[in-house]
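Chemist: Provided herewith is a single structure, encoded as structure tokens, for subsequent inquiry.
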Amino acid sequence: MNVQPNQSVLNQLTPRERQTYFELVRLAAPEEIIHPEYQVPIPKGACIISYRLLEKYLDLTRSTIRRALRRLEDRDLIEVTHLGQIKGTDGLHFRTMVKIKRYEPIPLHPTSSSPAPSLVEGLIQLETHLINQRLKDLQTFLTQNQTRLTNPERAKLDRIITAYQAALKVVNKSEHALSK
């Protein structure tokens, strides 16, 4: 049984939404526990976090995080429960419990001989795949509609394709920098 979200659902998310989702998966409890600091039960696949801490982890604004969480919830990937103000070692802050739907913990010991990619490497692989797919789609569209496109439309499409090619180079540079 496949418990991970459908790839087509993940493909529809913006990079910031995917970044938020994968960070939440990373933070999720692999089994049901009692939070050691707040003494609140946390179900498997959930975490308790403040928006302030998410801002720090994701390097995104609070409004961007709220939009990402709302969109992930709309896509039925997560369930958000606001817990109100809870005092922790970082002070009294509003905390949120986020539960990953269809959660499957990441195994600590990969079964293959190659190590599992880190969170960032996984995002880079996903972005590379998405950019390559988009480039193929654009080039197919260009080939199929070559005679129907006006010169200005063709020039705009060429600029879009060039932008995707540049994005692919940037992502690949990041991937090489990570492997060093």
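Chemist: List the aspartates and glutamates whose alpha-carbon lies under 17 Å from that of residue 173, not counting same-chain residues fewer than 8 positions away?
Modeler: Answer for residue 173, where 17 Å is the Cα cut-off: 121, 127, listed by chain and number.
Chemist: Test of the criteria: in region 8-49, which GluC sites (Glu not before Pro) are in a DSSP loop and have at most 10 other Cβ atoms within 10 angstrom of their Cβ?
Modeler: Working: sites: 17, 23, 31, 32, 37; in loops: 31, 32, 37.
Loop-located and lightly packed - 31.
Chemist: Per the helix-only calculation at 222 nm, which mean residue ellipticity applies to the chain, given -39500 (n - 2.57) for every DSSP H run of n ≥ 4 and division by its residues, nearest 500 deg cm²/dmol?
Modeler: Values: 6 runs with 94 residues, N = 180.
Estimated from H runs of four or more residues: -17000 deg cm²/dmol.
Chemist: Would you kindly give the portion of the calculated P(r) for the chain that falls above 22 Å, as a percent of all Cα pairs?
Modeler: Working: 9229 of 16110 pairs.
Of the Cα pairs, 57 percent sit more than 22 Å apart.
Chemist: Can you sort 101, 169 by 1.4 Å-probe accessible area, starting with the largest?
Modeler: Numbers: 101 60, 169 145 Å².
Result, largest first: 169, 101.
Chemist: Give me the 1.4 Å probe accessible area per residue for the chain, excluding ligands and nucleic acids, in Å². Working shown, then result.
Modeler: Values: 11820 Å² over 180 residues.
Each residue of the chain exposes 66 Å² on average to a 1.4 Å probe.
Chemist: Run down the lysines and flag those whose C-alpha is under 20 Å from the C-alpha of residue 101, throwing out any fewer than 8 positions away in its chain.
Modeler: 44
Chemist: What part of the accessible area of the chain, given as a whole %, is carbon or sulfur when the probe is 1.4 angstrom? Numbers along the way, then the final one.
Modeler: Working: 6410 of 11820 Å².
Summing carbon and sulfur atoms, their accessible area is 54 percent of the total for the chain.
Chemist: Anything over 26 Å Cα to Cα? Flag those among 56/169; 99/136; 136/169; 56/156, in the order listed. Don't skip to the end; give the middle numbers.
Modeler: On the way: 56/169 28 Å; 99/136 36 Å; 136/169 16 Å; 56/156 38 Å.
Violating the 26 Å limit, Cα to Cα: 56/169; 99/136; 56/156.
The values are calculated or read from the model by the stated rules, or taken from the named source; none is laboratory data. Note that the structure is a prediction, hence the values are computed from the model and not measured. Heads up, the Cβs are rebuilt from the backbone with ideal geometry, glycines too, and the neighbour counts pull from every protein chain shown. The protein model used for the area step is the full one, side chains on, heavy atoms only, and it has no ligands, DNA or RNA in it. Shrake-Rupley method; radii C 1.70, N 1.55, O 1.52, S 1.80 Å.
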